[in-house]
Amino acid sequence: MTTGTDGSWLTTLVDAVVGLMHVIGAPGAGLAIALENLFPPLPSEVILPMAGLAASQGTFTLFEAIAWTTAGSVVGALALYALGAWLGVARLRAIAAKVPLLHPEDIDRTVAWFTRHGSKAVFFGRMIPLFRSLISIPAGVTRMPVWRFTLLTLAGSVVWNSVFVVAGFLLGESWHVVEQYADILQYLVIAAVVAGVSWFIVVRVRQVRGRRPDLDAA
């Protein structure tokens, strides 16, 4: 099984994951996916196809690859859920009050949105790069029932993991094709996030400037 050879820190990290799969088998793939949840720069879009490739080579079975990577997804998500529960709404509101351009009311609106749409956000969020990890934190902040969060995370992870593991299994040494298409999806998500954050900053700055004449008059 081969990975990239560009000498970057990410390549080194991915190579270590490959070695882990060879040493302890399918549990190594599960551990790698659990770490990916906590450290998003470690790409599941690379780990999962490599787990499928390992399964095609007989290192472990396809079922084991999907089962262990899904278990890793759930464990990593629960760790971030616990972080969100520890942060809580009150602590986040206090942080927002100290951050420029943010207000405690922003936290309240986010919590209200997640309370209404949290189940869909957790399920579909497991299939969106970057959000796969981050979506667990608001679930913890809002104290979504752990059983519901776990089931939704399990269901979404089975879909996402199966697609990439099976693709790696079928493509074999050509698994890099999957990575190329996954990169396109990730770039689209990053562009959407950047656009959203930029829009928020512009709107909030205009609001601050709009209030300034009133403050000067006072």
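Every number in this text was worked out from the coordinates using simple rules, so none of it is lab data. These numbers were taken from a predicted model, which means no experiment stands behind them. Heads up, the Cβs are rebuilt from the backbone with ideal geometry, glycines too, and the neighbour counts pull from every protein chain shown.
Shown is the FRET efficiency for Val89 and Met127, computed with R0 = 41 Å from the Cβ-Cβ distance and rounded to the nearest 0.05: 0.95. Figure legend: label point modelled 7 angstrom from the Cα of Thr115 along Cα→Cβ; residues of segment 139-171 with amide N under 13 Å from it are 142-144. Is segment 9-176 best put as rounded, prolate or oblate by its Cα gyration tensor, with a ≥ b ≥ c the root eigenvalues, rounded for a/c under 1.5, and otherwise prolate when a/b is larger than b/c, oblate when not? Taking the square roots of the gyration eigenvalues as a ≥ b ≥ c, segment 9-176 is prolate. Name all residues of segment 72-106 having a backbone nitrogen under 11 Å from the label point set 7 Å from the Cα of Thr150 along its Cα→Cβ direction, giving them as ranges. What the label zone holds, given the 11 Å backbone N cut-off, is 75, 78.
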